[in-house]
Amino acid sequence: MTGGTFSGLADLPSNWQLLGGTVTLSPSFQTNGAIVRLDLNGTTLAGANQVSGTLNFNSGYISGPLTVNSNAVLNWNGGRFAQGSSLTVQSNALVNLQTSTEKDLGGPLTNYGHAVLSGTGFTVLNDNSSWQGTITNAGLWEMQGDYPIYNYFSSSYPVFRNGGVLRKSAGTGTSTLDLVAANQSVIEPLTGVINFPRG
């Protein structure tokens, strides 16, 4: 699929790739409506969706709420959470922010599980209007290297609210989070430095 709109997708036919256009999943997608296995390589995933297995988000857009259920995995390798989107990572779920490909967060991200930043190119978009990117961490946010988190609009609107553990577990240099820090819990720079230049 390279364009157009496909509504009510019940499952992926063999060797079918989502390379463009817009896809809305069926309430019975992969049996119970939750994503068991899906690769997004340029398409827009519309509607409210849940992941119960593995979602590989390589490029394209997510335009609605996405929940990563307990024991499920989101491998976010590239692409954008667009205006009107959100990402919720439930307890015991995992989101991997990996590779150097651009990854844009345009809606709120709430982490109750484990978020691992192991690549560059992660940008938070918040203009206090149509872009509402913020991070609320109530689980474990792990920096596995000297990787930054960028602020697209250079404003004071994107916030990293830490009510869990913010840990830097690799890299001897500095991880700069160009967001406003609202820390109410634990920051663990096990190696190197975590820097919030906006306070």
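Laboratory data are not the source of any read-out in this text; all were calculated from the coordinates shown. Everything numeric in this text was worked out from a predicted model, so none of it was measured. Glycine gets a Cβ as well: all are built from the backbone with ideal geometry, and neighbour counts include every protein chain shown.
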Notebook entry, point to check: For the chain, modelled as a GNM with alpha-carbon contacts under 10 angstrom, which of Leu12, Leu177, Leu66 fluctuates the most?
Noted result: Leu12
Next item on the list: Please find, in a Gaussian network model of the chain (springs between Cα atoms separated by less than 10 Å), the residue of Glu188, Glu102, Glu142 whose mean-square fluctuation is greatest.
Entry: Glu188
Note to self: Quick check: pseudo-label points 7 Å beyond the Cα along Cα→Cβ at Phe153 and Asn75, how many nm apart are they?
What the structure shows: 3.3
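Would you order Phe160, Phe81, Phe153 from fewest to most other beta-carbon atoms within 10 Å of each residue's own beta-carbon?
With the fewest neighbours first, Phe160, Phe81, Phe153 line up as Phe153, Phe160, Phe81.
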Notebook entry, point to check: For the chain, what is the largest minus smallest coordinate of the Cα atoms on each principal axis, given in angstrom and ordered from greatest to least?
Noted result: 47, 32, 25
Margin query: If the elastic network links every pair of Cα atoms under 10 Å, which of Pro108, Pro158, Pro27 fluctuates the most in the Gaussian network model of the chain?
Written below: Pro27
Check: Between Ser130 and Thr5, what is the FRET efficiency for a Förster distance of 35 Å, r being their Cβ-Cβ separation, to the nearest 0.05?
Finding: 0.95
Note to self: Is the C-alpha gyration tensor of the range 146-199 telling us rounded, prolate or oblate? Criteria: a/c under 1.5 is rounded; beyond that, a/b larger than b/c is prolate, otherwise oblate.
What the structure shows: oblate
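Distances longer than 13 Å among the Cα atoms of the range 1-63: what percent of all pairs is that?
58
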